[in-house]
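This report refers to the structure that appears directly beneath it.
The values are calculated or read from the model by the stated rules, or taken from the named source; none is laboratory data. Quick caveat: nothing in here was measured; it's all calculated off a predicted structure. Cβ placement follows ideal geometry from the backbone for every residue including glycine, while neighbour counts extend to all protein chains displayed. Accessible surface is based on the protein model in full, side chains and every heavy atom, while ligands, DNA and RNA are left aside. Shrake-Rupley method; radii C 1.70, N 1.55, O 1.52, S 1.80 Å.
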Amino acid sequence: NIYVHAEISGMAKEDVKIGINDDRMLTLKGEKKREEIEGDHTFIRNERSFGSFSRSFILPDSADLDEIKAKFDNGLLIITVPKKEPEKPKEFEIEIK
């Protein structure tokens with residue numbers, strides 16, 4: 001299998017999209033929205049990043065695109081891409097005359 005692990009904490013799975021195109025390019029994209037905090041708060045330092053992201057990967061010919069699975073749990077997205085069994089070389093007997 002081919003595994004893609006992405007840490008996307010603080011996001012809902014509805015905010016993440018996974019797609020694949022005809023060129024075997026797997027694309028993961030989403031947007032982390034800034035939380036509005038009510039009240040009068042002043043932050044000296046905020047180390048949470050916000051905004052959109054996109055990552056793309058070209059999958060090898062051995063990837064089985066019809067069997068890709070994705071699981072999202074506690075901020076970790078795991079994409080599993082099974083590999084196809086390689087085709088065995090064709091072998092045939094040639095008649096000797």
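Note on region 74-92: among residues that are modelled with pLDDT of 90 or more and more than 16 Å from Arg24 (Cα to Cα), the one that is surrounded by the most Cβ atoms within 10 Å (Cβ to Cβ) is Leu77. Please tell me if Ile58 is at pLDDT 90 or above, within 20 Å of Asn1 (Cα to Cα) and loosely packed, with under 13 Cβ neighbours inside 10 Å. Yes; evaluated as a whole, the condition is true for this residue.
Restricting attention to region 38-55 and to residues that are at pLDDT below 90 and open to solvent by less than 100 Å² (accessible area, probe 1.4 Å), the residue that is farthest from Glu87 (Cα to Cα) turns out to be Gly39.
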